[in-house]
Amino acid sequence: MFTQGLEIDSGTLYESTGKRGESVLRAKSLTTGRESARVRLPERFFGEGITLTDDRVWQLTWKSGTAMLRDSDDLGEIRRVDYRGEGWGLCSFADRLVMSDGTDELTFRDPESFAERGSVSVRLGDEPVTELNELECVDGSVWANVWRTDTIVRIDPDTGRVTAVVDASGLLNSEQAEGAGVLNGIAATEEPGRFLLTGKNWPKMFRVRFVPVE
């Protein structure tokens, strides 16, 4: 699967995949792998990041400027809203959504209306961190894949400051890496401090814990 968004909720793994004419959103059990729901996006849409708010799923599209709100059980579409720019990653806190668009900027959005509620520029020291992609909001921080790298950064959403950098290289061996794309897909598990990581067309997902370098 060309993974673009990953999310875990109450034992269910939600995955959004990309490519026009092939984009799907699916839900499956984390324990059995059994798929409980799947929807295919209309051919003109390229599926991107997702996040859950209560019993609903927001899903971005890449260049169409369209976000879709779906029911989390059957993934049926509730409504669509328009936004400016590209859609890459999406995650949520209780009071706001956080969206990336491939730049160094994170945009905050209302979880109900999807209206813009401000933004912040992401910096590592004095340098901007661009190509922020798939996102995960957990414990007051935003974790972000940096496109075309094996790097994941932890961001303070109030200041935009990068507070940690993760080297996620080496997850795939040389045989598994054949035909696999870049790292893209991060979801906090229900076990504190552990995450599920994957990438575009990866043959596996990995359960990991981030540890400081001595």
Turns out the strands (runs of 3 or more DSSP E) fully within segment 46-143 with at least 1 residues that are among the aliphatic types (A, V, I, L, M) and without any contact (Cβ under 8 Å) to a residue 60 or more places away in the chain are 47-53, 56-61, 66-71, 77-82, 97-100, 105-109, 116-121, 132-138
Of everything in segment 81-114 that's farther than 14 Å from residue 52 by Cβ and among the hydroxyl-bearing types (Ser, Thr, Tyr), which residue is surrounded by the fewest Cβ atoms within 10 Å (Cβ to Cβ)?
-> 113
When you scan segment 160-194, how many residues do you find that are closer than 19 Å to residue 2 by Cα and touching a residue at least 24 places away in the same chain (Cβ under 8 Å)?
-> 11
Of the residues that make up segment 153-170, is at least one under 17 Å from the mean Cα position of the chain (by Cα) and among the basic types (Lys, Arg)?
-> yes
Filter result (over 16 Å from residue 79 (Cα atoms), within 15 Å of the chain's Cα centre (by Cα) and part of a strand (DSSP E or B)) within segment 15-45 | 15, 16, 17, 24, 26, 27
Those residues of segment 36-60 that are farther than 20 Å from residue 8 by Cα and not aromatic (Phe, Trp, Tyr) come to a total of 4
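Laboratory data are not the source of any read-out in this text; all were calculated from the coordinates shown. Nothing here was measured: the structure is a model prediction, and the numbers come from that model. Methodologically, a virtual Cβ is constructed for each residue, glycine included, from the backbone with ideal geometry; neighbour enumeration extends over all protein chains shown.
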